[in-house]
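Working notes for the structure below.
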Amino acid sequence: MIVIIKPKSPQREIIALKQKIEEENKVSVNIIQGKEYCLLGLIGDTTKVDASKIRANEFVEDVKKVQQPYKLSNRLFHPENTVVKVKDSSIGGNELAVIAGPCSVESEEQIVSIARDVKKSGAKFLRGGAFKPRTSPYSFQGLRVRGLELLKIAREETGLPIVTEIMSTDMIDRFVEDVDIIQVGARNMQNFELLKQLGKTRKPILLKRGISATIQELLMSAEYIMAGGNENVILCERGIRTFETYTRNTLDLSAIPAIKKLSHLPIVVDPSHAAGIWWMVEPLAKAAVAVGADGLMIEVHNDPANAKCDGQQSIKPKAFRKLMGDIDKIMNAVANRGYDVVNV
Ligand code: PEP
Ligand code: MN
């Protein structure tokens, strides 16, 4: 439920109303102060809240029921886009946030060389898996803690903030210390214990859509993190499993405008894991930008043929450089990317 406050209402009246609603209904109330509006967002069991009683308050313009089960991630609770700040960069603002790097960290030379290349081309973040979720236990599992150390070296060399995947709650303290954006992979999107614990941190979390997850399920997983107080959530569309077998997954481009409409959280697109084929990364990345993605996550490898993981879907630094140039042109050509759907 949201309560729309009349413009220019005195702050003390808003606080008094918040406290009254909380005391009478055993719900928690967030004050959402925008540039030109003020809302109260009610979280918890609102089934017994008497809306007409709240409407009778002289500073209340209207009371609306929120039908969807996600509240904190809902655009109704937060009409403006969320911009997640990470060091000197941000995700969700006017600029496209590009995260690039290899599937997994393999050696110091590999990660530092790729980091330098992608930075030169305009990437704002470096990705690289240290702990790898692999379908087979016999496949390369990542360099683990050593991988984190190498990512830190690459960050020091280039200044690029680092994004890497967490797989279990026992690594949270270490990740909070070492990493700039903690990635929750598709396979862990509904690892609710992990999400709850990440909610207690204030680190930006890149939450990837589960292999068979609906958009609503993705937003509910974001809700788990936000319910703990961590509002720094970035969503990621990385393809979903369908009956098609030509591609590794099917990139759900419609999820981008859908999420823009339903939620205020930024959404980035990972065409590499969606397609699973290197030559599809470029066209899909361009399409994602055109439909309004706030960023991209692209797998880039200096030697894809010998990559330890996902070489088949990795592009080389030169192709990445060309892609970044093309994306600039798309950014300039498409007006109001993504946001035209918000108010229809
Ligand atoms: C990854 O980004 O390295 C990864 C494993 O992706 P996903 O969780 O989307 O499969
Ligand atoms: Mn990968």
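Might you list the cysteines of the chain that have no disulfide-compatible partner by the rule of another cysteine's Cβ under 4.7 Å?
Cys38, Cys236
Looking at this model, which pairs from Lys35/Lys261; Lys20/Lys48; Lys8/Lys85; Lys8/Lys65; Lys48/Lys203; Lys65/Lys261 are more than 25 angstrom apart at the alpha-carbon?
Table pairs above 25 Å Cα-Cα are Lys8/Lys85; Lys48/Lys203.
Given an 8 Å cut-off on Cα distances and at least 6 residues of separation, report the relative contact order of region 264-344 as a percent.
On the way: 104 pairs, mean separation 25.1, N = 81.
Computed value for region 264-344: 31 percent relative contact order.
What residues have an amide H closer than 5 Å to that of Ser263, excluding those fewer than 5 places away on the same chain, when H is modeled at 1.01 Å from N in the peptide plane?
Here Arg75 satisfy the definition.
Using a Förster distance of 35 angstrom, determine the FRET efficiency expected from the C-beta separation of Tyr138 and Arg202, and round it to 0.05. Mind dumping the intermediate values first?
Working: r = 38 Å, r/R0 = 1.07.
Efficiency computed from Cβ-Cβ geometry: 0.40.
Compute the relative contact order of the chain as a whole-number percentage, counting only Cα pairs closer than 8 Å that sit 6 or more residues apart in sequence. Write out the running numbers ahead of the final one.
Working: 719 pairs, mean separation 50.8, N = 344.
Value for the chain: 15 percent.
Can you tell me the 0 to 90 degree angle between the C-alpha axis of helix 108-121 and the longest principal axis of the chain, rounded to 10?
60 degrees
Taking 0.36 nm per intervening residue step and subtracting the Cα-Cα distance, what contour gain separates Thr47 from Phe192 on full extension?
49.7 nm
Give me the angle, in degrees from 0 to 90, between the Cα long axis of helix 317-333 and the longest principal axis of the Cα atoms of the chain, rounded to the nearest 10.
With both axes taken from Cα atoms, the answer is about 30 degrees.
Using only DSSP helix segments of four residues or longer, with each worth -39500 (n - 2.57), what per-residue ellipticity at 222 nm results for the chain after dividing by its residue count and rounding to 500?
It comes out at -10500 deg cm²/dmol, rounded to the nearest 500.
Residue by residue through region 180-189, what is 3J(HN,Hα) from phi via Karplus (6.51 cos²θ - 1.76 cosθ + 1.60, θ = phi - 60°)? Round to whole Hz and write x for glycine and proline.
Ordered by residue, 3J(HN,Hα) equals 8, 10, 8, 8, 10, x, 3, 6, 10, 4 Hz.
Using only Cα atoms, locate the centre of region 144-201 and the centre of region 277-318, then give the distance between them in Å, rounded to an integer.
21 Å
Please determine, in degrees from 0 to 90 and to the nearest 10, the orientation of helix 278-290 with respect to the longest principal axis defined by the Cα atoms of the chain, where the helix direction is its Cα long axis.
The helix 278-290 is inclined about 30 degrees to the chain.
DSSP beta bridges in the chain, what fraction antiparallel, as a percent rounded to 5?
Of the beta bridges lying entirely in the chain, close to 40 percent run antiparallel.
If R₀ is 41 angstrom, what is the calculated FRET efficiency for the pair Asp173 and Glu58, using the beta carbon separation as r and rounding to 0.05?
Calculated transfer efficiency: 0.25.
Readers should treat all values here as calculations from the given coordinates under stated rules, not as data from a laboratory. For clarity, every value in this text was computed on a predicted model and none was experimentally measured. Cβ sites come from the backbone with ideal geometry, for glycine too, and all protein chains shown count toward neighbours.
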